[in-house]
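Below: the structure, in structure tokens.
The values are calculated or read from the model by the stated rules, or taken from the named source; none is laboratory data. Keep in mind it's a predicted model, so treat the numbers as computed, not measured. Don't worry about glycine lacking a Cβ; one is built from the backbone with ideal geometry, like all the others, and counts go over all protein chains shown. With ligands, DNA and RNA removed, areas are computed over all heavy atoms of the protein, side chains included. Shrake-Rupley method; radii C 1.70, N 1.55, O 1.52, S 1.80 Å.
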Amino acid sequence: DGLVVSEKVKSNNIDLKIPKSELEAEEKGAEEERPRESDSNILDVSSDYPRDKHISIQRHLADLEKLADLREEERKPCPLCPEEKFKACYSHKLHRHLQNLHWKVSVEFEGYRMCICHLSCRPVKPNLVGDQTLSKMGAHYHCIICSATIVRRTDMIGHINRHVNKGETESRFITVRAPKSSYKVVKESATDVQVLPNHSTPQKTDSYFNPKMKLNRQLIFCALAVLAGERKPIECLDAFGATGIMGLQWAKHLKSSVKVTINDCNENSVTMIKENCHLNKMKVKLNMREEDNGETVGNGEENSDTIEVTKMDANVVMHLRSFDFIHLDPFGTSVNYLDSAFRNVRNLGIVSLTSTDISSLYAKAQHVALRHYGCNIVRTEYYKELAARTVIAAVTRAAARCNKGIEVLLAVALEHFVLVVVRVLRGPTPADDSAKKVRYLIHCQWCEERVFQKEGNMVEENPYQQLPCDCHGSMPGKTAVLLGPLWSGALFNTGFLRRMLLEAVQYGLDEAQPLLKTLVCEAECTTLKHFSTHSPGDENKQEECGVYIRTPNTSAESYLVHGKRKSEEVLRGTVKRQRAEHSAEHPPFYYNIHRHSIKGMNMPKLNKFLNYLSEAGYRVSRTHFDPMGVRTNAPLAQFKTVLMKYSTPTYVGAQAEGPVHLPGEIQLGEEVPAAAAIKVEEAELAEDDKSGVAATVLTQSCPTHCAAD
């Protein structure tokens, strides 16, 4: 599409290479842009740009005048304009034409000038009034890098800048490295990687690197380190390498415990991954054969410092080989790669996936969530946990299609991503058990109470009866919606999280440690003050749920059973014991204390409110999904009752708005310890009727409140 010239240029004895297909199209009078897949117009570039470039791309004005072959005694046409636009003229007039119309409005790039062209290179829409296509040629520029035709000069400048930012300074069809001066070296967790200037802009760079995902990379590293302690060596795959930062961290810190494979389908990214491997003194293995050249450095054990780099589609590489650990981090949703990931993943292996399609998962684009995940969701106060359960439901269905079940080890939903880590359990029985945990959720749109639909296929006459609230009876119309299908099981594995915390402490991952402590408390549904990090020699860590638990005082080899079949049987037996010992899962979902606050009332501090709920006999913890969220098994009515009891009026005039009067509130503040003691005693006497206990305690502690209500 960049080598089309008019017939009169050919008559000027200018030696140009013109494809035959384009000459035929010119004879017909309607040239069409050649497909980009054609290799005949690929610019073959080494240190200089090709000779077969378009005639509008020249270094000097004199070179452009040579094309016209200026002679005083003859009229010459313009080589960049058709005869219909500019007729043949003498040399002095043609010189002014070339200088003013073509050269002055050109775009400069690395010593070359891309002059404006008026030839029939760019197809135009035919005029409805007669066939006047040739008289309506549009001015355009030819890109020196990819031979594209651009109309506006400002668009051409932006087009060239995008090529430079992506490192395509010569030809986009040939793997060409950008100048070393345009690279930037960043360091993360003792690993150096080269990135391009626009490395943080997705879909516009071949080496996407987001510094905000550092926490995500640390969590995945901890999960892999725990798996490496169970069995070694393990084969792990980073299916979307980009710069290769994640796979390099795995190989650099875990060393001989892992065999790392970094894959990417973009050739420029693969080239950068190789350079980053050499930068970190790692050997590169290509196509199952080690690369023997002078750039490979490092010597040691076999595969201890070797990384395999592949250039394939992620689905293809997961279909061809089996892995123990697979991480998926595409741009957007990862549902297109789940079937391939679960097809060949080994038994008791781990699959982790990072989803960055936040707009659909966080219910901003609900139609996209329905299209990708087959799930109906709305914006709720617990939308982040709803997103995590949506992703896990898609993972469960993909694993079940391969006769595999899953055990959720970790589910994190933060501002930029949703991370899910699951363990794969092979067999139809685990697959059926996992599939049964995918249910629909009944959500009240008035009070935001929610409950998972009961198991069974029988249609209920009144599904509103499953909701603990009575909004359907007191409010007109339909008050609830059916969301899902969603994952209804646990989101965390306590023992696995504790072992991840130990690995984070061992490798000095400071950003992941606070989050992992919060996740452990959330998995156990306990407050932070009840959580304590075990000492290295604590034996209780070996009794936590999970497969094997490695402590710093004990070598990992003592927990390994030699022999593949025997070790898998022991692992399977441990997983079964783990389900029996930890049958009490954490409560699903959470409540936002601000969402259910009372107008005109000052809420208690969050930590104090957690203590009040705990003293009332409920399981309670904070949640990483929401900084002001409370995960508890208390019904919403009891949640609001305790919140109302320990709230104080903002000002004296608020007693007319709120249900609590100021004198009564002052008396309530004086009797808070007594009320808590009464509540604990009544909870021990009548544990089954918690709602009655809370009402009795409220009546004894504050009769003024009850009279006002």
Checklist outcome for this item: For THR479, the net charge from surrounding residues (Cβ-Cβ under 15 Å; K, R +1; D, E -1) works out to -1
Checklist entry - With charges set only on the Cβ (+1 for Lys and Arg, -1 for Asp and Glu), what does the dipole of the range 341-386 come to about its Cα centre, in debye to the nearest 20? => result 160
Item to check | Residue-span extension gain [ARG75 to GLN99] - 0.36 nm each, minus C-alpha spacing | outcome: 6.9 nm
Checklist outcome for this item: Under a 1.4 Å probe, counting only protein heavy atoms, GLU83 has an accessible area in Å², nearest 10, of 110
Checklist entry - Normalised by the residues of the range 590-649, what does the relative contact order come to in percent, with Cα pairs under 8 Å and at least six apart? => result 47
Item to check | Vicinal HN-Hα couplings computed from phi for the range 378-393 (Karplus, 6.51 cos²θ - 1.76 cosθ + 1.60; Hz; Gly/Pro x) | outcome: 10, 6, 10, 6, 10, 5, 6, 5, 4, 5, 5, 5, 5, 5, 5, 4
Checklist entry - Mind checking the log10 I(q)/I(0) for the range 590-649 at q = 0.17, 0.26, 0.29 Å⁻¹? Debye, one equal scatterer per Cα, no solvent, two decimals. => result -0.47, -1.16, -1.44
Checklist entry - Under a point-charge model restricted to the Cβ atoms of Lys and Arg (+1) and Asp and Glu (-1), what is the dipole moment magnitude of the range 590-649 relative to its Cα centre, in debye to the nearest 20? => result 60
Checklist entry - What accessible area per residue comes out for the range 590-649, rounded to a whole number of Å², with a 1.4 Å probe? => result 38
Checklist entry - Once you put a point 7 Å from the Cα of ARG379 and another 7 Å from the Cα of ILE157, both along the Cβ direction, what distance in nm separates them? => result 3.9
Checklist outcome for this item: In order over the range 330-338: 3J(HN,Hα) from phi, Karplus 6.51/-1.76/1.60, θ = phi - 60°, whole Hz, x for each Gly or Pro, gives x, 7, x, 7, 10, 5, 6, 10, 6
Checklist entry - Applying the Karplus parametrisation 6.51 cos²θ - 1.76 cosθ + 1.60 with θ = phi - 60° to the phi angles of the range 339-356, what ³J(HN,Hα) value in whole Hz is obtained for each residue in order, glycine and proline being reported as x? => result 4, 5, 5, 8, 5, 10, 5, 6, 4, 6, x, 10, 10, 10, 9, 10, 10, 10
Next on the checklist: Going by amide H atoms built from the backbone, whose H comes under 5 Å of the H on GLY349, apart from near neighbours?
Outcome noted: VAL424
Item to check | Burial ranking of peptide ranges 341-352, 479-490, 501-512 (average Cβ count within 10 Å, highest at the top) | outcome: 341-352, 479-490, 501-512
Checklist entry - Using modelled backbone amide H atoms (1.01 Å from N, in-plane), which distant-in-sequence or interchain residues come within less than 5 Å of CYS89's amide H? => result LYS76
Item to check | Whole-percent carbon and sulfur share, accessible surface of the range 590-649, 1.4 Å | outcome: 50
Next on the checklist: Please list, ordered by chain and number, the residues whose modelled amide H lies under 5 Å from the amide H of VAL620; skip anything fewer than 5 residues away on the same chain.
Outcome noted: none
